[in-house]
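Chemist: Below are the structure tokens for one structure; questions will follow.
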Amino acid sequence: MDLLEHPHFLEARGRLRAVLGNPTAGRMVFVVGPTGVGKTTLRHAVFRDLVGSPRQWGQGRIPLIEVYAELPANAYFTSKGFAQTLVERVTFPRLGWMKGCAYREACEAFEREVDQARAQLDGVDYSRVPETRLWSIFTQLARTRAVKTVSVEQAASLCVVRRNKQPADHILHLMGIAEQLELNFVLTGVTAMSKLWMTRPEIRRRAHVVFMRPYSPHREDDRKHFVGLMRAIENAYAVEQGVLRGMIEDLFLETAGIVGELIRLADDSMMRARQAGREAISEADLRASFHNDAAAQQMWEDVRLFEELCAPGEPGVLKKQVLHDLPPKKRRA
């Protein structure tokens, strides 16, 4: 189905575009939200707006690369493994983040050139290259290719570290790389990645956080917009008349107000209807596609943690805490 440009999506897109449209060397941009809320769709929409056609980039140049912060099986995140991933991606960039843009032919031509280069140059075993050398190769290539943005997906993986390591250590290192190359890092992930900026003031000062919110049943405007999303779903899928309207409360609870969950539910229900030889989704199809209780509770717990993260602080609470920690004489003064 087409992109659902709902109000929370538009709000987050405007903020991310404003941040990246006014770049500051060494800045860390964090895009945060529960799984399925639309972070990847948001990020790619902004990237496509900013970079223009590959024909305008210049020979051998690319303004943005995207990598995944993958974890080896049952292992910790390592800066060497990440450096290796960056080198491979800047050497052989892919344009998956440009999918759906108006420059399809130019993107295809760019990737054909990359495939030809891979056929000639691939085969280097970067696992044997020392980490310091990998970072040096990356900085050289990033300058040559005029990279201005590095997008890191699944950035919460950076928090899976050994006991003698802190998640923020990786960010401090990336900040140094970003300042050296005069580029920005955009890190996308779930609430757990807040450890990357919350614990170090030097990171918090340089961080811009873009929250991608689900819809909350506790906010009246959100309830109205959620109904609008269901209308869009109803237009995109064949649903028996009146079914969605009669299930608004249950659907809100089942999806936690997350757009991706609503689409998942519609896709799964449509498959069930077709397997039964019906063209339209019934209430029974929808209910059969609901999560089990444990999965639904975990989804709502993730949303609760996200809401806590993005809620503004209460100066009164902080004041009481600070005064409580002061010695009695200073407290009276």
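Chemist: So if I place +1 on the C-beta of Lys and Arg and -1 on the C-beta of Asp and Glu, and nothing else carries charge, what would the dipole magnitude of the chain be about its Cα centre? I want it in debye, nearest 20.
Modeler: 1800
Chemist: Quote the accessible area belonging to E182 in square angstrom, nearest 10, computed with a 1.4 Å probe and with ligands, DNA and RNA left uncounted.
Modeler: The value for E182 is about 120 Å².
Chemist: Something else now. If one computes the Cα centroid of segment 252-298 and of segment 71-139, what distance in Å separates the two points?
Modeler: Taking the Cα centre of each part, segment 252-298 and segment 71-139 sit 37 Å apart.
Chemist: Turning to a different aspect of this structure: Once you have the Cα-Cα distance between Y126 and R287, take 0.36 nm times their residue separation minus that, and quote the gain in nm to one decimal.
Modeler: Net length gain for the segment: 53.0 nm.
Chemist: Rounded, prolate or oblate: pick one for segment 11-109, where a ≥ b ≥ c are the square roots of the eigenvalues of its C-alpha gyration tensor, a/c under 1.5 means rounded, and failing that, prolate if a/b is larger than b/c, else oblate.
Modeler: It comes out oblate by the Cα gyration axes.
Chemist: Binning at 10 angstrom from zero up to the longest distance, how are the C-alpha pair distances of segment 47-197 distributed in percent?
Modeler: Bin by bin from 0 Å, the calculated values are 10, 39, 35, 14, 1.
Chemist: Ok, one more. For segment 231-246, just list the computed ³J(HN,Hα) in residue order, Karplus coefficients 6.51, -1.76 and 1.60, θ = phi - 60°, integers in Hz, with x standing in for Gly and Pro.
Modeler: 5, 5, 4, 5, 6, 8, 10, 7, 10, 4, 4, x, 5, 5, 4, x
Chemist: On full extension of the chain, what length is gained from H173 through L10, given 0.36 nm per residue of separation minus the C-alpha to C-alpha distance?
Modeler: Extra length from H173 to L10 when fully extended: 55.5 nm.
Chemist: Given a cut-off of under 8 Å on Cα pairs at least six residues apart, what relative contact order in percent is computed for segment 55-154?
Modeler: Details: 86 pairs, mean separation 55.8, N = 100.
Relative contact order here is 56 percent.
Chemist: Given Cβ point charges of +1 (Lys, Arg) and -1 (Asp, Glu) and nothing else, what value in debye, to the nearest 20, does the dipole of segment 32-156 about its Cα centre take?
Modeler: 320
Chemist: As a test, work out the antiparallel percent of DSSP beta bridges whose residues both lie in the chain, rounded to the nearest 5.
Modeler: Values: 0 of 20 bridges.
The answer is about 0 percent antiparallel.
Chemist: Now for a separate question. If you take the beta carbon distance between A109 and D49 as r and set R0 to 22 Å, what does 1/(1 + (r/R0)^6) give as a FRET efficiency, to the nearest 0.05?
Modeler: Calculated value: 0.60.
Chemist: Give me the net charge for the shell around T78: Cβ to Cβ below 10 angstrom, other residues only, Lys and Arg +1, Asp and Glu -1.
Modeler: In short, +2.
Chemist: Taking amide H positions as placed 1.01 Å from N in the peptide plane, with prolines and chain starts having none, which residues 5 or more places from F30, or on another chain, fall under 5 Å of its amide H?
Modeler: L187, H208, V209, V210
Chemist: A follow-up question, please. Provide F211, F252 ordered by accessible surface of protein heavy atoms (probe 1.4 Å), highest first.
Modeler: Details: F211 60, F252 5 Å².
Sorted descending by solvent-accessible area, the residues read F211, F252.
Chemist: Rounded if a/c is under 1.5, else prolate if a/b is larger than b/c, else oblate: which is the chain, with a ≥ b ≥ c the root eigenvalues of its Cα gyration tensor? Provide the component values of the computation, followed by the final result.
Modeler: Working: a/c = 1.96, a/b = 1.15, b/c = 1.69.
Cα axes put the chain in the oblate bin.
Chemist: Restricting to Cα pairs below 8 Å that are 6+ residues apart, what does the relative contact order work out to for the chain? Please round to a whole percent.
Modeler: 25
Chemist: Carbon and sulfur: what percent of the chain's accessible surface (1.4 Å probe)? Could the numbers behind the result be given before it?
Modeler: On the way: 9020 of 18170 Å².
The computed percentage sits at 50.
Chemist: Separate question: Can you give the net charge of the other residues whose Cβ lies under 11 Å from the Cβ of P63, counting K and R as +1 and D and E as -1?
Modeler: With Lys, Arg at +1 and Asp, Glu at -1, the net is +3.
Chemist: Still on this model: Quick one: net charge around A146, please, counting Lys, Arg +1 and Asp, Glu -1 for every other residue with C-beta under 11 Å from its C-beta.
Modeler: Around A146, the surrounding residues sum to +3.
Chemist: If you don't mind, another one. For segment 168-288, list log₁₀ I(q)/I(0) at each q in 0.12, 0.14 Å⁻¹, using the Debye formula over Cα point scatterers of equal strength and ignoring solvent, two decimals each.
Modeler: Computed log10 I(q)/I(0) values: -0.62, -0.70.
Chemist: By its C-alpha gyration tensor, with a ≥ b ≥ c as the square roots of the eigenvalues, how is segment 228-321 shaped: rounded for a/c under 1.5, else prolate for a/b larger than b/c, else oblate?
Modeler: prolate
Chemist: Most mobile of P217, P34, P167 per a Gaussian network model of the chain (Cα springs, under 10 Å)?
Modeler: Among P217, P34, P167, the largest GNM mean-square fluctuation belongs to P217.
Chemist: Could I ask something else about it? Between L305 and R245, what is the FRET efficiency for a Förster distance of 35 Å, r being their Cβ-Cβ separation, to the nearest 0.05?
Modeler: Step by step, r from the Cβ atoms, then E = 0.65.
Chemist: Give the calculated FRET efficiency between Q298 and L71 to the nearest 0.05, with a Förster radius of 22 Å applied to their Cβ-Cβ distance.
Modeler: For R0 = 22 Å, the calculated efficiency reads 0.65.
Chemist: Please compute the length gained on full extension between S216 and L141, using 0.36 nm multiplied by the number of residues separating them and subtracting their Cα-Cα distance.
Modeler: Fully extending the segment from S216 to L141 adds 22.6 nm.
The values are calculated or read from the model by the stated rules, or taken from the named source; none is laboratory data. Computed from a prediction, not measured in an experiment: that's the story for all the values here. Glycine gets a Cβ as well: all are built from the backbone with ideal geometry, and neighbour counts include every protein chain shown. Keep in mind that these areas ignore ligands, DNA and RNA; they rest on the heavy atoms of the full protein, side chains included. Shrake-Rupley method; radii C 1.70, N 1.55, O 1.52, S 1.80 Å.
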